[in-house]
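Colleague: Structure in C-alpha cells, see below.
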Amino acid sequence: MMAILVQTDLFHLQTDHSSYLFHVMANGELGQLYYGAKLHAQAAYPELTQSEPHGATPAWKLDTPNFQPGSEKQEYGSFGKGDFRDPAYQVLAPDGSRISELVYRDYRIIAGKQRLTDLPSTFDDTHDDAETLVVTLQDAVSQLVVELAYTVFPHQDVIVRSSRFVNQGDQPVVLNRALSADLDLPDADYDLLQFSGSWARERHLVRTPLRSGIQSVGSLRGASSHQQNPGIILARPQTNEDQGTAYGFNLVYSGNFLDQVEVDHLRTTRVLLGINPTEFGWYLAPDQDFQTPEAILSYTDGGLNQLSQQMGQCYQQHLVNPRFAQQPRPVLINNWEGTYFDFDETKLLAIAQQAHDLGVELFVLDDGWFGKRNDDTTSLGDWDVNLAKLPQGLDHLSQQVHGLGMQFGLWFEPEMISLASHLYDQHPDWLVRTPGRQATPSRNQFVLDMANPAVVDFLFTKIDGIIKAAQLDYIKWDMNRNITEAFTPTLPANRQLEFMHRYMLGVYQLYARLTQAHPQVLFESCASGGGRFDLGMMAYAPQAWTSDDTDAIERLRIQYGTSYAYPQAMMGAHVSAVPNDQTGRITPLSTRAAVAYFGDLGYELDVTQCSAEEKAQIKEQITFYQQHRELFQQGTFYRIDNPFTGDRNVGSWIVVSADQRHAVAARYQILNEPNPAYSRLKLRGLLADQRYLVSGREQPLYGDELMHAGLFIPQQLQSTMGVEQSADFSAQLLVIDAVDGQL
C-alpha cells in the first residue's frame with residue numbers, strides 16, 4: 001500500500017484508519033490542513049484550503065492582504081512575521097535577529113524507517129509497510145535548511161515526526177528553540193489528558209477541558225520526571241474508553257521536554273512537542289546539523305482503549321529492542337526491600353534458593369554490592385565488588401545463582417557519584433556543578449557529567465567488565481536524583497545551554513554501547529522508580545520500574561494511569577511485604593499479586609521471612625502467572641472501571657489474547673462499603689458469538705452477554721455471625737476461556 005501520496009504541493013499521509021494532510025501555502029511555508037478519520041485520496045481539497053481574513057491581523061504582504069499567517073494552521077510555525085502563537089522553532093542569527101522563513105524546497109519518499117544515529121528512535125525491521133516522507137525547507141537569508149521527517153506506520157495508525165536543522169550558510173547560528181512537532185487543529189473542543197504526580201505517585205490521570213491560552217506539561221529536571229510524563233492525549237469531551245475521537249502524543253526522549261497546547265483567539269489549537277526550550281540552546285556552526293527527538297502522533301475515533309492499544313502495538317513492534325519485544329520476561333526477585341544494605345553472600349543465596357523453589361526465574365542483587373556501600377552516603381562510582389559482603393566476589397555469587405538454574409541480575413546507578421568515593425578523589429571535575437556555586441546534594445549523591453565522553457568511556461569499561469565477569473543476564477539501571485547546577489567544563493561559556501541535551505546524548509550512547517556489546521542482557525530502567533518512564537528509555541531497556549511505591553492500592557492507580565500511554569510489557573510490577581514500606585498499608589497477598597500480574601511480575605521481599613502459607617501462595621501465584629504470561633505481557637489491554645473518577649473506590653481491567661479466546665480480568669475494591677449497591681462488571685474485547693467459561697461460574701456465557709450485560713459481582717462476605725467481613729483492598733480475578741461444542 002502507498003502510505004504517502006503527493007499531489008504537486010499537497011501531501012497526504014494515510015494510515016489504515018486516518019489521514020494527515022498539509023500543503024505549501026502562498027508564502028512558500030507549510031500549512032496544516034487536516035488530521036483525522038481517513039479521507040479518500042484526491043488531487044485537491046478546496047474546502048480544506050479555505051480561509052478568511054480577520055481584523056487587526058498582519059498580512060503576509062501588501063499585495064496579499066487576505067493571506068494572514070496568524071490566521072492559518074501552520075505545519076511548523078515560526079515567530080515574528082504575524083503569527084503570535086508560540087513557535088515550533090526559533091533561530092538566533094549572527095546579527096541578533098530571530099526571524100526565519102522556512103520555504104518549501106523539495107521532498108523525498110523513503111521506503112521503511114531507519115533508526116536515528118545518536119538518539120533512540122522507531123524503526124521498521126519487519127517491513128511492516130512503513131514509509132517516510134522528508135520535506136526540505138530552506139531560509140534564503142541564512143541558508144539554514146530544515147528537514148521535516150514523517151514516518152507513517154499504517155497498520156498501527158501512528159505517524160512519527162522529527163526535525164533536522166542543517167546550517168548550509170557561512171555563519172554560525174544558535175537554535176533557541178527546536179521542537180519535534182507542531183500540530184494545529186481547527187477547533188478547541190477537547191479535554192487534555194495528562195499523567196501527573198510525584199515520586200511514589202506517578203502518572204495519575206488528570207483530565208481537564210482546554211481553555212483559552214497556554215496549558216502545558218514539561219520537565220526541567222534533566223529527566224522526563226515523576227511529576228509529568230511526555231505522553232498526553234487530546235479527546236473530545238464525550239470520548240470515553242470505548243468510543244469517541246482522541247489524539248495521542250508522546251516523545252521518544254528522556255530529558256527536559258515540553259508538551260504544550262495553546263488555544264488562540266480564533267479557538268484553534270496548537271500542539272507542540274519536543275525538547276523544552278527553557279535551558280536549551282544549540283550552537284550550529286556551518287556544515288553542522290542538529291536532530292530533534294522523535295514525536296509520536298496517533299488518531300482514533302474508537303475511544304481511549306483503542307488509542308492506547310494502537311500506540312502500544314507500535315512501540316512493541318517498532319521501538320522496543322526486537323530481541324526482547326516479544327520475549328517472555330522472567331519472574332524475578334529483588335532483594336532491596338527484603339534486606340536493603342544488610343546482606344552477605346549467605347543471606348543472598350538463602351533468598352535465591354527459596355525463591356527458586358517457589359518458581360522465581362531471575363535473582364537481582366540491588367544496591368550495596370560495591371565499594372564500601374553500607375548506606376547511601378558512599379561509593380557511587382566505585383563499581384568494584386564490596387569484598388566485606390561478598391568475599392568470594394561477584395562472579396562466585398553469580399555462579400551459585402546460575403547453578404540453581406536461575407538467571408542473575410545486578411543493580412547499577414551509572415550516572416551518579418558520591419563525594420566519599422575513589423572516583424571523586426580521582427576526578428572531582430566529573431561532578432556536575434557550576435563553578436563558584438555550592439553543589440546541591442540529593443539523596444546524599446551527585447550527578448556525573450554524562451556530557452563528557454571520558455565519563456561515558458569510563459562507565460562503559462567498568463560495566464562491560466562486570467557483565468563479562470559475572471555473566472549478567474539482567475541490569476537494573478537506576479537514576480535516583482535530578483540535575484542541579486547544570487554546567488560542564490567540556491563546553492565553552494557560550495554553549496552551556498547545550499549541556500542538558502548533551503547529557504542525555506551521553507546516557508543514550510552508554511546504553512547503546514552496552515546493549516550492542518551484550519545483546520543477551522535484559523535492561524530495566526529505573527529513576528527512583530518511575531522518574532524516567534518514557535519511550536527514550538524503552539528503546540534500550542524494554543521494561544521500567546513503574547514506581548518505587550509497591551503498595552497494591554497505589555499501584556492500581558499508577559498502573560492504570562500508565563496504561564494510557566504505555567503497554568503492560570513495559571511495566572515492572574512487584575509484590576512486596578506488608579506493612580508496605582511506602583504507605584504502611586496492609587493488603588492481602590492475593591491482592592498484591594492480582595495487581596502485579598498485569599505487567600512484568602516480580603517479588604520485592606525476603607522470602608526466607610515468609611510463612612509456609614505465604615510461600616505456598618507465592619508458588620501458586622508464580623505458576624498461575626507463568627501459565628498466562630504471554631497474555632499478561634503481550635495481550636490486548638482494556639481499562640474498564642476508572643479509579644480516578646466517581647467515588648475512586650473501584651478499578652478494573654481485562655487483558656485479552658490476540659485470537660480473543662482467552663482473557664483474564666480483575667476488579668479491585670479499595671474500601672468495603674456497608675450495604676453496597678448492585679454491581680456488574682462489563683468485560684471488553686471478547687467475540688460476541690463465542691461462548692466462554694468464566695472461573696467461578698458453572699455455565700458458559702456468550703461474549704455479547706459478558707460485554708453488554710456483564711457479570712454479577714458479589715461484594716458482601718457473610719460470616720457465621722451474620723456480620724459482614726471486611727473486603728477492604730480486595731481483588732477478584734476472573735479467567736475467561738472460550739469453549740466449543742457441548743458441555
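Colleague: Going through segment 553-600 one residue at a time, which ones are in contact with a strand residue (DSSP E or B) (Cβ under 8 Å, 6 or more places away or on another chain) and among the aromatic types (Phe, Trp, Tyr)?
Modeller: If the condition is that a residue be in contact with a strand residue (DSSP E or B) (Cβ under 8 Å, 6 or more places away or on another chain) and among the aromatic types (Phe, Trp, Tyr), then Tyr560, Tyr564, Tyr597, Phe598 are the ones that fit.
Colleague: For segment 523-557, enumerate the residues that are closer than 27 Å to Ile586 by Cα and aliphatic (A, V, I, L, M).
Modeller: Residues satisfying the conditions are Ala527, Ala544, Ala552, Ile553, Leu556.
Colleague: Show the residue pairs that are 6+ apart or on different chains and have beta-carbon atoms under 9 Å apart, the first residue being within segment 122-135 and basic (Lys, Arg), the second being in a loop (DSSP other than H, G, I, E, B).
Modeller: From residues that are basic (Lys, Arg), there are no pairs.
Colleague: Does Pro277 satisfy being open to solvent by less than 30 Å² (accessible area, probe 1.4 Å), farther than 20 Å from Met450 by Cβ and in a loop (DSSP other than H, G, I, E, B)?
Modeller: yes
Colleague: Next question, about the same structure. How many of the residues making up segment 509-521 are in contact with a strand residue (DSSP E or B) (Cβ under 8 Å, 6 or more places away or on another chain) and open to solvent by 10 Å² or more (accessible area, probe 1.4 Å)?
Modeller: 1
Colleague: Could you tell me how many of the residues in segment 31-83 are on the phi > 0 side of the Ramachandran plot and of a type in the set (Val, Ile, Thr)?
Modeller: Within segment 31-83, residues that are on the phi > 0 side of the Ramachandran plot and of a type in the set (Val, Ile, Thr) number 0.
Colleague: Residues of segment 120-133 being open to solvent by 10 Å² or more (accessible area, probe 1.4 Å), more than 14 Å from Gln313 (Cα to Cα) and in contact with a helix residue (DSSP H, G or I) (Cβ under 7 Å, 6 or more places away or on another chain), which ones?
Modeller: Residues satisfying the conditions are Asp125, Asp129.
Colleague: Which of (1) touching a helix residue (DSSP H, G or I) at 6+ places or on another chain (Cβ under 7 Å); (2) loosely packed, with under 13 Cβ neighbours inside 10 Å; (3) within 20 Å of Thr132 (Cα to Cα) is the odd one out, the single condition Ala41 does not satisfy?
Modeller: If we test Ala41 against (1) touching a helix residue (DSSP H, G or I) at 6+ places or on another chain (Cβ under 7 Å); (2) loosely packed, with under 13 Cβ neighbours inside 10 Å; (3) within 20 Å of Thr132 (Cα to Cα), just (1) comes out false.
Colleague: Across segment 334-348, what is the total count of residues that are open to solvent by less than 40 Å² (accessible area, probe 1.4 Å), farther than 19 Å from Asp581 by Cα and not acidic (Asp, Glu)?
Modeller: Final tally of qualifying residues: 1.
Yes or no, residue by residue, for (1) touching a helix residue (DSSP H, G or I) at 6+ places or on another chain (Cβ under 7 Å); (2) within 23 Å of Leu193 (Cα to Cα):
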{"site": "Ile654", "(1), (2)": "no, yes"}
{"site": "Arg661", "(1), (2)": "no, no"}
{"site": "Ala666", "(1), (2)": "yes, no"}
{"site": "Leu671", "(1), (2)": "no, no"}
{"site": "Leu687", "(1), (2)": "yes, no"}
{"site": "Glu705", "(1), (2)": "no, no"}
{"site": "Gly710", "(1), (2)": "no, no"}
{"site": "Pro714", "(1), (2)": "no, no"}
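Colleague: Is it the case that segment 495-508 has a residue that's modelled with pLDDT of 95 or more, farther than 26 Å from Phe249 by Cβ, open to solvent by 10 Å² or more (accessible area, probe 1.4 Å) and over 23 Å from the mean Cα position of the chain (by Cα)?
Modeller: Yes.
Colleague: Of a type in the set (Val, Ile, Thr) and under 17 Å from the mean Cα position of the chain (by Cα), is that true of Val252?
Modeller: yes
Colleague: Here's another thing I want to ask about it. Would you call Pro435 outside any strand (DSSP E or B) and in contact with a Pro (Cβ under 9 Å, 6 or more places away or on another chain)?
Modeller: yes
Colleague: A further question on this structure: Is there a residue in segment 381-393 that is surrounded by 22 or more Cβ atoms within 10 Å (Cβ to Cβ), among the β-branched types (Val, Ile, Thr), closer than 23 Å to Leu510 by Cα and touching a Leu at 6+ places or on another chain (Cβ under 6 Å)?
Modeller: So far as segment 381-393 goes, no, none of its residues is surrounded by 22 or more Cβ atoms within 10 Å (Cβ to Cβ), among the β-branched types (Val, Ile, Thr), closer than 23 Å to Leu510 by Cα and touching a Leu at 6+ places or on another chain (Cβ under 6 Å).
Colleague: Which is among the small types (Gly, Ala, Ser), touching a Phe, Trp or Tyr at 6+ places or on another chain (Cβ under 9 Å) and either closer than 16 Å to Ala565 by Cα or in contact (Cβ under 8 Å) with a residue 60 or more places away in the chain (or both), of Ala200, Ala181?
Modeller: The match here is Ala181.
Colleague: Across segment 197-240, what is the total count of residues that are among the aliphatic types (A, V, I, L, M), more than 30 Å from Leu448 (Cβ to Cβ) and in a loop (DSSP other than H, G, I, E, B)?
Modeller: 1
Colleague: So which residues in segment 622-648 are within 18 Å of Arg555 (Cα to Cα) and open to solvent by 10 Å² or more (accessible area, probe 1.4 Å), if there are any at all?
Modeller: Phe637, Tyr638, Ile640, Asp641, Asn642, Phe644, Thr645, Asp647, Arg648
Colleague: If you don't mind, there's one more thing I want to ask. Output yes when any residue across segment 597-617 is open to solvent by less than 50 Å² (accessible area, probe 1.4 Å), β-branched (Val, Ile, Thr), part of a helix (DSSP H, G or I) and touching a Leu at 6+ places or on another chain (Cβ under 6 Å), and no when none is.
Modeller: No, because not a single residue in segment 597-617 is open to solvent by less than 50 Å² (accessible area, probe 1.4 Å), β-branched (Val, Ile, Thr), part of a helix (DSSP H, G or I) and touching a Leu at 6+ places or on another chain (Cβ under 6 Å).
Colleague: From the list Tyr20, Tyr34, which one is modelled with pLDDT of 95 or more, assigned to a strand (DSSP E or B) and open to solvent by less than 20 Å² (accessible area, probe 1.4 Å)?
Modeller: After applying the criteria, what remains is Tyr20.
Colleague: Of the conditions (1) surrounded by fewer than 16 Cβ atoms within 10 Å (Cβ to Cβ); (2) within 22 Å of Ala727 (Cα to Cα), Ala709 satisfies every one except a single condition; which number is it?
Modeller: (2)
Colleague: Of these, Gln156, Gln138, Gln143, which one is surrounded by fewer than 18 Cβ atoms within 10 Å (Cβ to Cβ) and modelled with pLDDT of 95 or more?
Modeller: Gln143
The values are calculated or read from the model by the stated rules, or taken from the named source; none is laboratory data. Note that this is a predicted model, so its numbers are computed, not measured. Ideal geometry is used to build each Cβ from the backbone, glycine not excepted, and the neighbour counts take in all protein chains shown. What goes into the accessible areas is simple: the full protein's heavy atoms, side chains included, and nothing from ligands, DNA or RNA. Shrake-Rupley method; radii C 1.70, N 1.55, O 1.52, S 1.80 Å.
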